[in-house]
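> Mind having a look at this structure? Questions to follow.
Nothing in this text is a laboratory measurement; each read-out follows from the coordinates by a stated rule. What you are looking at is a predicted structure, and each value in this text was computed from that prediction instead of being measured. A quick note on method: Cβ atoms are made from the backbone with ideal geometry, for glycine too, and the neighbour counts reach across all protein chains shown.
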Amino acid sequence: MILPDGATVALIILALMMGFSVDKLLAGAGGVAFLGGLHLITKGKGMGLGDVKLALFMGLLLGGRGLIIAFYVAFIAGAIVGVVMLAFNKKKLKSPIPFGPFLFLGVLVAFFLNKIE
């Protein structure tokens with residue numbers, strides 16, 4: 001349930017080294033605003049600050065279109081896994097589920113979709 005700050009900073013630096021543009025900067029800011037808003041609304045129970053910091057990396061790496069794809073994949077995959085875990089009594093309705101792995105899945109899908117097109 002913890003995304004280490006050192007790893008997140010390293011990913012942000014890597015994303016900046018891979019290319020910088022206004023679109024990517026705006027996407028990073030938008031990702032932080034979106035997940036940061038969820039963090040504030042849920043008072044940290046629905047989204048952790050590690051996820052918010054990871055959103056900066058995601059936007060800087062993927063740009064706006066890629067970030068939307070990554071978020072879509074992450075939220076759908078997380079919902080599917082959550083429903084399956086509830087159905088098999090592995091988690092309760094209020095049990096936390098780490099969202100970081102779903103965000104990384106979204107990054108991978110969006111990154112490779114962008115490379116294919």
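> Which pairs, out of K53/K91; K91/K115; K45/K115; K24/K92; K90/K115; K24/K94, put more than 29 Å between their alpha-carbon atoms?
K91/K115; K45/K115; K24/K92; K90/K115; K24/K94
> On to the next question. At 27 angstrom or more along the helix axis (alpha-carbon based) and mean Kyte-Doolittle of -0.5 or higher, what helices does the chain contain? Whole DSSP H runs only. Present the calculation step by step, with values, prior to reporting the outcome.
On the way: long enough: 22-41 (28 Å, 1.38); 49-87 (36 Å, 1.96).
Long hydrophobic helices here: 22-41, 49-87.
> Once the piece of chain linking K92 and L49 is laid out straight, how much longer is it, given 0.36 nm per residue of separation minus the C-alpha distance between them?
Extra length available between K92 and L49 comes to 13.2 nm.
> Just to be sure I follow the definition: excluding the sites themselves, where is the longest run in the chain that has none of the chymotrypsin sites (Phe, Trp or Tyr not before Pro) in a DSSP loop with at most 13 other Cβ atoms within 10 Å?
That gives 21-87 as the longest site-free run.
> Right, next: Which length gain, in nm to one decimal place, applies between L25 and M85 when the Cα-Cα distance is subtracted from 0.36 nm times their residue separation?
18.0 nm
> Still on this model: Does the range 26-117 classify as rounded, prolate or oblate by the C-alpha gyration tensor (a ≥ b ≥ c root eigenvalues; a/c under 1.5 gives rounded; else a/b over b/c gives prolate, otherwise oblate)? Intermediate results must be reported in sequence, preceding the final value.
Working: a/c = 2.97, a/b = 1.39, b/c = 2.13.
In terms of gyration-tensor shape, oblate.
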